[in-house]
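A.B. asks: Take this structure, written in structure tokens, and hold onto it; I'll ask about it next.
Nothing in this text is a laboratory measurement; each read-out follows from the coordinates by a stated rule. In this text, all values refer to a predicted model and were calculated from it rather than measured experimentally. Note that each Cβ is placed from the backbone with ideal geometry, even for glycine, and that neighbours are counted across all protein chains shown.
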Amino acid sequence: MSSFASEPALGASGLSSAPRRGRGSSMRTWRWSDRLIWLAAWTAGLLLCAVAAAIVLYMGYRGVQYLRPSLLFSHPQPSGNQAGSGGFLDPLLGTALLTFIGILLAAPLAICSALWIVEYGHGGRTRQALTRIVESSIEIVAGTPDILIAVFGVAIFQLHFLRFASEGSEGGGVTGRSFLAAGAMMSLIALPPLFVATRDGLQAVPTHMREAAFALGKTRIATIRRVLLPSVRPNIATGVTLGISRIIADTAIVLVLLGDELRLSPHPGGLPVLNVLRGAGSSLTSYVYDNSPAGEGGAPQKAYAAAVVLLLFVLLLNLAVEWIARHQARSSGSVAAGGFV
Amino acid sequence: MQRLRKPWSDHRAELLLGAVSLSTGLVVLFMIAFVAARAWPTFAHNGLGWLGPGGSLKVQVENMLATSTKPPASAYHVRAWPIVYGTLLITALAVLLALPLAVLSAVFIVELAPTALRRTMIRVVRLLASVPSVIWGLLGILVLVPFVGNHLVTASERTSLQNTVQLTGAGLAIAVVLLTLMITPIMVALTCDALATVPPAWREGAAALGVNRVRAIRAVTLRAVRPAIVAATVLATARALGEAIMISMVSGSVFFSPRPGDGVAFLFEPVRTLASTIVDFREGLGGAPALNSTLYAFALLLLFSVFVLSLAGYLVKLPLRKYQVRG
């Protein structure tokens with residue numbers, strides 16, 4: 001995790017260092033094995049470009065074919081044929097809700113961890129050991145596949161004392177499936193990129209800024225609030241964007257933890273907003289899965305339409321990360337956040 | 001209230017931040033403990049034979065579903081080898097294909113591509129890395145599966161296997177190809193980051209000795225980042241092991257172990273992995289106790305493998321620090 005998220009963005013600097021081709025190094029003098037590798041490298045690079053172009057163009061074509069604005073604003077209907085199966089308003093709302101819960105839980109956790117590790121983590125064996133524990137557990141969470149996080153979520157939210165978070169089933173058991181459960185697990189997906197972006201931002205703040213604040217008599221926590229947090233705001237924004245793109249792309253957690261319901265199905269009774277959180281629903285990803293031949297529904301046109309919307313979101317979030325990084329580099333000249341991926 | 005209004009003391013702030021931070025550690029501990037506890041009955045009934053071959057997994061799962069709340073000991077009987085084999089097969093093939101593709105593309109991006117193309121390539125890799133797995137799966141099941149089923153699977157292959165398994169096109173080959181494309185961007189990103197930190201002087205030294213660019217890459221640059229390439233491979237392996245959705249969509253979802261003896265048809269035989277089985281039987285989590293426990297056992301095995309791989313990735317990267325090459 002740290003490895004690819006902690007690096008400065010490629011292309012910013014340091015890459016133009018390959019030796020220029022001079023006279024006498026024309027490819028005609030190369031050995032065959034060298035020429036072969038050169039050719040293979042070009043092929044591999046262009047192959048990746050071709051795959052990406054194929055995906056974007058094909059999905060774009062399907063989008064033009066099947067995506068209608070009305071789909072975005074109509075509820076899904078249980079129906080055998082594709083014409084009558086409605087749109088995906090509820091999955092869209094579900095994705096938004098999950099993103100909201102996930103980021104709401106992940107952001108404080110990630111920012112606090114980053115602050116604690118960078119600003120308080122030095123000095124003393126215990127502190128170093130504790131910070132190492134926190135860093136490596138975040139790295140473990142980053143490496144854990146989403147399906148395992150989902151399974152863990154079921155294990156937690158089926159505990160009896162957490163039954164308030166999801167619907168009960170007939171046998172007196174707890175389903176463990178609800179927006180709260182899925183959103184809580186989504187926060188684990190969003191945590192690592194948020195943490196890494198914030199930590200790298202804090203580490204890039206020059207020490208003299210802290211020292212100046214201390215010299216003015218500010219405490220450490222006041223320095224954090226008045227100096228450090230404002231200056232790492234773009235990094236946090238990058239982290240949040242990366243976290244959002246992780247959450248909206250995730251399928252396994254939704255399938256396992258949200259209960260396969262086409263529409264938002266609020267828990268009967270209770271307060272108007274909280275009962276939605278306790279209820280089941282769907283997201284764009286689970287809608288795509290369920291409408292593909294892999295799920296029960298045979299509505300590939302709807303699946304394509306929803307997948308196009310999903311891909312558009314992902315592309316926009318990618319652009320947003322790039323935009324934030326460029327903006328930050330221009331305004332402060334400091335290291336851009338985010339890393340390669 | 002009055003106390004909260006006052007500016008925080010450093011000590012209190014530190015305690016608060018530290019307490020919040022350590023909760024992630026707790027989550028990881030809970031994750032291992034809970035999954036292990038739920039998986040325990042399966043291991044208690046099967047012992048180490050759990051991992052071995054024997055019997056039909058399909059029949060065993062049906063047995064588990066047939067027993068409801070109070071399963072007899074016999075219901076726990078399971079031999080998970082078919083899906084463990086499927087997981088190993090798909091992962092190994094995908095990583096083997098992705099490794100050369102990723103290293104060559106990384107070299108292309110950092111060393112060979114013209115500047116404009118390099119920028120495009122970085123965007124392309126980022127895009128490929130962020131395509132959701134459900135979209136890969138959708139393209140697989142709606143585009144690749146019909147194509148393979150209609151054009152690549154021959155009638156003779158179909159008839160020769162018709163008594164054992166139905167060849168629809170969904171199976172090993174498509175899963176491996178898509179998985180390769182999904183893990184390649186991760187490996188490219190990690191390798192690129194490492195390549196970018198190789199000191200320019202090393203390349204210049206090679207150039208001064210009169211070798212051409214490709215030779216310098218082979219002899220100096222790639223050799224310097226070898227640990228990073230291994231680390232990238234290890235992390236990509238972990239990612240491949242855990243991929244559930246895409247494989248559940250395109251691999252046919254049948255308990256079957258592809259047999260290399262079947263020739264080309266081997267590539268088109270359906271397969272299941274640990275992760276995709278959990279997705280396929282997700283309704284069983286919290287349902288019939290025997291199946292529930294078995295699914296948690298699959299998850300525990302995956303969790304364990306992923307932890308080992310993360311640790312290996314960390315250890316492999318250690319030598320890089322010696323050269324102050326970050327990886």
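A.B. asks: Using a 10 Å cut-off around each Cβ of peptide B:27-33, what is the average number of partner chain Cβ atoms that fall inside?
C.D. replies: Values: counts 11, 10, 1, 3, 12, 2, 1.
For peptide B:27-33, the averaged partner shielding equals 6.
A.B. asks: Please work out the C-alpha center-to-center distance from region B:195-269 to region A:272-302 and express it in whole Å.
C.D. replies: Taking the Cα centre of region A:272-302 as reference, the centre of region B:195-269 is 35 Å away.
A.B. asks: Across region A:153-166, in residue order, what do the Karplus-derived ³J(HN,Hα) couplings come to in whole Hz, using 6.51 cos²θ - 1.76 cosθ + 1.60 with θ = phi - 60° and x for Gly and Pro?
C.D. replies: x, 4, 4, 6, 7, 8, 5, 5, 6, 9, 5, 5, 8, 8
A.B. asks: Dipole of chain B (Lys/Arg Cβ +1, Asp/Glu Cβ -1, origin at the Cα centre): which of B:Asn150, B:Leu128, B:Val254 lies farthest to the positive side?
C.D. replies: B:Leu128
A.B. asks: What is the distance in Å between the Cα centroid of region A:116-152 and that of region A:311-326?
C.D. replies: Centre-to-centre distance over Cα atoms comes out at 27 Å.
A.B. asks: Under 5 Å between amide H atoms, partner at least 5 residues away or on a different chain: which partners does A:Val174 have, H built in plane at 1.01 Å?
C.D. replies: Answer set, sorted by chain and number: A:Ser169.
A.B. asks: Here's a follow-up. Rounded, prolate or oblate: which one fits region B:221-265, using the alpha carbon gyration tensor with axes a ≥ b ≥ c (rounded when a/c is under 1.5, else prolate when a/b beats b/c, else oblate)?
C.D. replies: Working: a/c = 4.19, a/b = 1.94, b/c = 2.16.
Because a/c hits 1.5 or more and a/b fails to exceed b/c, region B:221-265 counts as oblate.
A.B. asks: Specify whether the C-alpha gyration tensor of chain B places it in the rounded, prolate or oblate class, a ≥ b ≥ c being the square roots of the eigenvalues: rounded for a/c under 1.5, otherwise prolate if a/b is larger than b/c and oblate if not.
C.D. replies: On the way: a/c = 2.25, a/b = 1.20, b/c = 1.88.
Oblate, because a/c is 1.5 or more while a/b does not exceed b/c.
A.B. asks: Here is a follow-up. Where does each of B:Val264, B:Val198 land when they are ranked from fewest to most other beta-carbon atoms within 10 angstrom? Working shown, then result.
C.D. replies: Values: B:Val264 11, B:Val198 23.
In increasing order of surrounding Cβ atoms, one gets B:Val264, B:Val198.
A.B. asks: Taking A:Lys302 as the anchor, which aspartates and glutamates have their alpha carbon closer than 14 Å to its alpha carbon, excluding any fewer than eight residues away along the same chain?
C.D. replies: Partners within reach: A:Asp90, A:Asp290.
A.B. asks: Checking the cross-link filter: which aspartates and glutamates have an alpha carbon closer than 17 Å to that of B:Lys58, excluding same-chain neighbours under 8 positions apart?
C.D. replies: Partners found: B:Glu269, B:Asp280, B:Glu283.
A.B. asks: Same structure, new question: Note down the magnitude of the dipole of chain B about its Cα centre, charges +1 on Lys and Arg C-beta and -1 on Asp and Glu C-beta and zero elsewhere, to the nearest 20 debye.
C.D. replies: On the way: 27 positive and 12 negative charges, 245 e Å.
Magnitude of the dipole: close to 1180 debye.
A.B. asks: Please find the FRET efficiency linking A:Ala212 to A:Arg326, where r is the Cβ-Cβ separation and R0 is fixed at 30 Å, and quote it to the nearest 0.05.
C.D. replies: Working: r = 28 Å, r/R0 = 0.92.
Step by step, r from the Cβ atoms, then E = 0.60.
A.B. asks: Taking only complete DSSP H runs, can you tell me which helices of chain B stretch 27 Å or more along their own long axis by Cα positions and average at least 0.5 on the Kyte-Doolittle scale? Don't jump to the answer; show the numbers that get you there.
C.D. replies: Working: long enough: B:10-46 (54 Å, 0.94); B:81-107 (38 Å, 2.12); B:172-196 (35 Å, 2.28); B:289-322 (51 Å, 1.32).
The qualifying helices are B:10-46, B:81-107, B:172-196, B:289-322.
A.B. asks: Please report B:Trp40, A:Trp32, A:Trp116 as a ranked list, fewest other C-beta atoms within 10 angstrom at the top and most at the bottom.
C.D. replies: On the way: B:Trp40 14, A:Trp32 7, A:Trp116 24.
In order of increasing Cβ crowding within 10 Å: A:Trp32, B:Trp40, A:Trp116.
A.B. asks: Can you give me the distance in nm between label points at A:Ser79 and B:Ala36, each placed 7 Å from the Cα along the Cα-to-Cβ direction?
C.D. replies: 5.2 nm
A.B. asks: Could you list A:Glu119, B:Glu269, A:Glu261 so that the one with the fewest beta carbons within 10 Å of its beta carbon is first and the one with the most is last? Intermediate results must be reported in sequence, preceding the final value.
C.D. replies: Numbers: A:Glu119 20, B:Glu269 25, A:Glu261 16.
Placing the least packed residue first, the sequence is A:Glu261, A:Glu119, B:Glu269.
A.B. asks: Which of rounded, prolate, oblate describes chain A, given a ≥ b ≥ c as roots of the alpha-carbon gyration tensor eigenvalues and a/c under 1.5 marking rounded, otherwise prolate only if a/b is larger than b/c?
C.D. replies: On the way: a/c = 2.19, a/b = 1.19, b/c = 1.84.
Oblate shape, in that a/c is at least 1.5 and b/c is the bigger or equal ratio.
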